[in-house]
1. Based on this model, can you work out whether residue 21 counts as in a helix (DSSP H, G or I) and at pLDDT below 95?
2. Condition test on residue 185, is it farther than 17 Å from residue 215 by Cβ, hydrophobic (A, V, I, L, M, F, W, C) and part of a helix (DSSP H, G or I)?
3. Does residue 224 meet the test of being at pLDDT 95 or above, closer than 22 Å to residue 45 by Cα, out of contact with any Ser or Thr (no Cβ under 9 Å at 6 or more places or on another chain) and not hydrophobic (A, V, I, L, M, F, W, C)?
4. Need a quick list: helices (runs of 4 or more DSSP H) entirely within region 68-159 having at least 1 residues that are open to solvent by 50 Å² or more (accessible area, probe 1.4 Å) and more than 30 Å from residue 237 (Cα to Cα).
5. On the given criteria, is residue 163 touching a His at 6+ places or on another chain (Cβ under 7 Å) and open to solvent by less than 50 Å² (accessible area, probe 1.4 Å)?
6. Any chance you could count how many residues in region 227-264 are of a type in the set (Ser, Thr, Tyr) and under 29 Å from residue 64 (Cα atoms)?
7. Quick check: is even one residue across region 232-241 at pLDDT below 95 and not hydrophobic (A, V, I, L, M, F, W, C)?
8. How many residues, within region 212-241, are among the small types (Gly, Ala, Ser) and crowded, with 22+ Cβ neighbours inside 10 Å?
Amino acid sequence: MTKQQIAIRISCGFAILMAGASAIAQKPSPYPPGYFAPDAVPDMTTVIGGPPQAGSPSDVRDRQVYRETRALAGTERFALATSDAVIGAQALMDDFACAMGKRIDIAKAPAVTKLLFTTASEAGLATSKPKMLFKRQRPFIGTTDPICTPGDARIEGSFGYPSGHSAFGWAQGLVLSELMPDRAVAIMTRARIYGESRVVCGVHTVSDIEAGRNVAGTIVAALHSVPAFQSDFTAAARELATVQGSKPSEAICKMEANAVTRPW
């Protein structure tokens, strides 16, 4: 993936985020509402607990990994992390194209797109309350260290624990794995890499992304009791079985394969 392609993805993703934030200006999150009523989103604060206490082994690990991963700026892994920073229905579908074995045009798969993006958005939205409660600063705040999305006011003005991005990708992976169980290993491997990209980017710590996964797992489990989710899941499974996809980019698939080994 070229720097120009990455820049285009980030630009488009930022526009999507800003549009979403404007549409729900009353909410402390850029994610749209979905299957839960706005006042019925499960409270994740007791699920994830608080962030590591200063000086604890987990906090020391977080800080050490952050310092070590700053050396990844300019590498292929940093480029993948920069691409993963984009949030949007097509962007997220593309991020899992190699794992699915096909690239799906969201315009040709409305049922799949609705299920995946709404579920992922619910997981992202569920991180808002604990973020505001724990108010954990992102690791790059107060430094001049390289990050994937410099100048992004949304990132610089929000808190890090738990990671909404990690919750977003992990929720997508969990539901996709149910829809495509024969691809589950590849899909959940990609979901892990997607979350780790936030550490590589320098905008989250390891414990931030781990908490994000816990949020996603809880939200996806809870959604299985929601009739609208159940209905959409059935429709998506039926559509996914017939939708035609194109061949994923070999270059991007190679980048993702190279990212399987965690860089810390």
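1. Yes, satisfied.
2. Judged against the criteria, residue 185 is a match.
3. In short, yes.
4. Working: elements: 76-84, 89-95, 97-100, 110-126, 128-134, 153-156.
Passing ranges, in order: 76-84, 128-134, 153-156.
5. Judged against the criteria, residue 163 is a match.
6. Filtering region 227-264 down to residues of a type in the set (Ser, Thr, Tyr) leaves 231, 234, 242, 246, 249, 261.
Okay, now just the ones that are also under 29 Å from residue 64 (Cα atoms), so 261.
Final tally of qualifying residues: 1.
7. no
8. So the answer is 3.
The values are calculated or read from the model by the stated rules, or taken from the named source; none is laboratory data. Keep in mind that what you see is a predicted model, and the values were worked out from it rather than measured. A quick note on method: Cβ atoms are made from the backbone with ideal geometry, for glycine too, and the neighbour counts reach across all protein chains shown. These area figures cover heavy atoms from the full protein model, side chains too; ligands, DNA and RNA do not enter into them. Shrake-Rupley method; radii C 1.70, N 1.55, O 1.52, S 1.80 Å.
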